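What follows is a single structure, written as C-alpha cells, with notes after it.
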Amino acid sequence: MRQRVVAVFGGHAPAPGSADYEMARDLGRRLAEAGFIVMSGGDGGTMEAVSRGAREAGGLAIGVTVDLFDRWGLKANPYLDVEIKFPTLFQRLHYLVTAGDAMVALPGGIGTLSEMAMAWSLLQTRELAPRPFLLIGTRWRRLLEAYHDPLYIREEDLGLLQVVESVGEAVLRLQAMMAEGTPVGSGPRG
C-alpha cells in the first residue's frame, strides 16, 4: 500500500522557536511517525517547520513552490526531499489543495486562507473527492463562527471541516479517519 500524503497549509512568517513554528514542526514529526508523507508550500515559516519535523523523524517532505518565489528572492526551505515547482501561483494553489489524501490547516495569512477556502469550496461542490480536512486551533474556530449563517453556509458544509485544538488531536483523528476510510463530513465538526 502506498504512503498517504497530507497537505499542510500554513504561513511563512513564524520563525524558529516561535509557538506556531514549533507546533508545525511537531505536526511534521508526528505525521512522519504515523507513516504519512508531508506536503507543504515549500517556503519558510510553518512550511519549513512541518518539513523539518518530518525529516527529523525520518519522513518524506514535499514542497510545492512557484517561480514567483524566485522573483521575490525566496528559496525553497532546506528540509525538502522533493520540490515541485509551478510557473504560476494558481497552478501551485490548485496542486496543493488537490494532490493530498488529506489536508491540515495551521495558522497563517492570506495565502493560507486562500488554500483553506479553495479546498473547502472544492469539497463542497464535490469537485474534490471526499477527504479529511482538519483545521488546527481556535483561530479557525473563530473564523468559522464568524461566517456561520445558515443562509449562506449550511451545516453540512461546515461538516466538511474538522476543527481540532492540538497537533496530537489532529494526528489521532487523521489516523482514525484514514484507517476507517471515513468520508468527509461524516464526523463531528469539532
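Among the residues of region 104-118, those that are buried (at least 18 other Cβ atoms within 10 Å of the Cβ) and either in a loop (DSSP other than H, G, I, E, B) or free of Cβ contacts under 8 Å to residues at least 40 places away in the same chain (or both) comprise Leu106, Pro107, Gly108, Met118.
Glu83 satisfies every condition listed in (1) among the acidic types (Asp, Glu); (2) at pLDDT below 95; (3) not in a helix (DSSP H, G or I) except (2).
For the list (1) surrounded by 22 or more Cβ atoms within 10 Å (Cβ to Cβ); (2) in a helix (DSSP H, G or I), I need the number of the one condition that Glu145 fails. Single failed check for Glu145: (1).
Evaluation of Asp101 against the conditions (1) over 24 Å from Leu174 (Cβ atoms); (2) under 12 Å from the mean Cα position of the chain (by Cα); (3) of a type outside the set (Lys, Arg) shows that the sole unmet condition is (1). Every residue in region 21-44 that is in contact (Cβ under 8 Å) with a residue 60 or more places away in the chain and either surrounded by fewer than 20 Cβ atoms within 10 Å (Cβ to Cβ) or of a type in the set (Gly, Ala, Ser) (or both), please. Ala24, Asp26, Ala34, Gly41, listed by residue number. For region 20-57, the set of residues classified as in contact with an Asp or Glu (Cβ under 8 Å, 6 or more places away or on another chain), farther than 19 Å from Leu96 by Cβ and not in a helix (DSSP H, G or I) consists of Ala57 only. Taken together, Ala13, Ala76 contain a single residue that is small (Gly, Ala, Ser), in contact with a strand residue (DSSP E or B) (Cβ under 6 Å, 6 or more places away or on another chain) and assigned to a loop (DSSP other than H, G, I, E, B), which is Ala76.
When Arg189 is tested against (1) touching a helix residue (DSSP H, G or I) at 6+ places or on another chain (Cβ under 6 Å); (2) modelled with pLDDT under 90; (3) not in a loop (DSSP other than H, G, I, E, B), just one condition goes unmet, and that condition is (3). The residue pairs whose first member lies in region 126-141 and is at positive phi, whose second member is buried (at least 21 other Cβ atoms within 10 Å of the Cβ) and not small (Gly, Ala, Ser), and whose beta carbons are closer than 6 Å, counting only pairs six or more residues apart or on different chains, are Gly137/Pro107. Within region 171-183, residues that are at pLDDT below 85 have Cβ atoms under 9 Å from residues that are not in a loop (DSSP other than H, G, I, E, B) in these pairs: Thr182/Ala176; Pro183/Met177, counting only partners at least 6 apart in sequence or on another chain.
For Asp101, indicate whether it is more than 23 Å from Leu135 (Cβ to Cβ), surrounded by fewer than 24 Cβ atoms within 10 Å (Cβ to Cβ), out of contact with any Gly (no Cβ under 7 Å at 6 or more places or on another chain) and of a type in the set (Asp, Glu).
Here the answer is no, as Asp101 does not meet what is asked.
Of all the criteria given as (1) modelled with pLDDT under 95; (2) within 13 Å of the chain's Cα centre (by Cα), the one not satisfied by Leu144 is (2). Could you tell me which residue of region 121-136 is surrounded by the fewest Cβ atoms within 10 Å (Cβ to Cβ), considering only residues that are in contact with a helix residue (DSSP H, G or I) (Cβ under 8 Å, 6 or more places away or on another chain) and assigned to a helix (DSSP H, G or I)? Checking each candidate, the answer is Leu122.
The values are calculated or read from the model by the stated rules, or taken from the named source; none is laboratory data. The structure presented is a predicted model; accordingly, all values stated were derived computationally and were not measured. Ideal geometry is used to build each Cβ from the backbone, glycine not excepted, and the neighbour counts take in all protein chains shown.
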